[in-house]
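Single-structure report; data block below.
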Amino acid sequence: MTEVVFNPMGWIRSTAKVVGCSLSLVLISVPIAAIAQQTPFVQRSTLQQGTRGQEVTELQAVLKLMGYYTGPVDGIYSEGTVRGVSAFQQAAGLTPDGIVGEGTWNRLFPPSPGAVASGVMNPASVPFIQSSRPILRQGMESDWVAQLQQRLNQMGFFEGSPTGVFGPRTDASVRALQSRYNLEPDGIVGPSTWSILFP
């Protein structure tokens, strides 16, 4: 029997029980937050129902972290994974076909705020590109959240210094912004909310 454990530190560990003893195998040896900082040049496969392997495991782990997937992180692209991918695609403004191609990968693993195809530049000098921004929600922690908090602060919806942690205070600020601009106040920062923050 194989048990995959997803813990708050963002690591995935698979424990296989073999004849009364336990053997632990680290499937992903870097925190999820570090994976999300990969460059846009990472070549990824197209994934769909029936696919198996490490990329599926990584996909399931990230979807689970973001709250779109509740099934096992087992590397098997099953019906549950299709539903999770479709839900993420819907929230990201993509066609919810349940197939992970280049567009979906780029939303799941956007380049860091300062990363540009030609190299690294000051993010303030880079025009706003809608597709480069991830979907953010309560419970997440990243540089993107800090950027969100800084912008909310500039617009008068968030008090204090950016922490990079999307907690209840940030959630309330996002909902206040969404209500003010006649968006559904769901606390999820998707394309519509980003377009208000960076018109």
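The values are calculated or read from the model by the stated rules, or taken from the named source; none is laboratory data. The structure presented is a predicted model; accordingly, all values stated were derived computationally and were not measured. Neighbour counts are summed over all protein chains in view; Cβ atoms, including those assigned to glycine, are modelled from backbone coordinates with ideal geometry. In case anyone asks, the SASA skips ligands and DNA or RNA and just uses the protein heavy atoms, side chains included. Shrake-Rupley method; radii C 1.70, N 1.55, O 1.52, S 1.80 Å.
The table that follows gives values for the structure above.
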{"quantity": "Test: residue in region 134-145 that is more than 17 Å from the chain's Cα centre (by Cα), modelled with pLDDT under 90 and either on the phi > 0 side of the Ramachandran plot or open to solvent by 10 Å² or more (accessible area, probe 1.4 Å) (or both)", "calculated": "no"}
{"quantity": "First in region 176-199 and more than 23 Å from Glu141 (Cβ to Cβ), second anywhere and of a type in the set (S, T, N, Q), Cβ under 6 Å, 6 or more apart", "calculated": "Leu183/Ser192"}
{"quantity": "Tally, over region 71-101, of residues that are part of a loop (DSSP other than H, G, I, E, B), without any contact (Cβ under 8 Å) to a residue 60 or more places away in the chain and under 20 Å from Pro134 (Cα atoms)", "calculated": "7"}
{"quantity": "Any hit, region 75-91, residues being at pLDDT 90 or above, open to solvent by 60 Å² or more (accessible area, probe 1.4 Å) and more than 29 Å from Gly167 (Cβ to Cβ)", "calculated": "yes"}
{"quantity": "Members of region 45-61 that are buried (at least 19 other Cβ atoms within 10 Å of the Cβ) and out of contact with any Asp or Glu (no Cβ under 9 Å at 6 or more places or on another chain)", "calculated": "Glu58, Leu59, Ala61"}
{"quantity": "Residues within region 94-106 that are surrounded by fewer than 15 Cβ atoms within 10 Å (Cβ to Cβ) and farther than 14 Å from Leu47 by Cβ, tallied", "calculated": "1"}
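Listed here are the residues, each with its yes/no results for (1) closer than 29 Å to Thr95 by Cα; (2) open to solvent by 10 Å² or more (accessible area, probe 1.4 Å); (3) part of a helix (DSSP H, G or I).
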| site | (1), (2), (3) |
| --- | --- |
| Arg151 | yes, yes, yes |
| Gly156 | no, yes, no |
| Glu159 | no, yes, no |
| Thr163 | no, yes, no |
| Thr170 | yes, no, yes |
| Ala176 | yes, yes, yes |
| Leu183 | yes, yes, no |
| Asp186 | yes, yes, no |
| Trp194 | yes, no, yes |
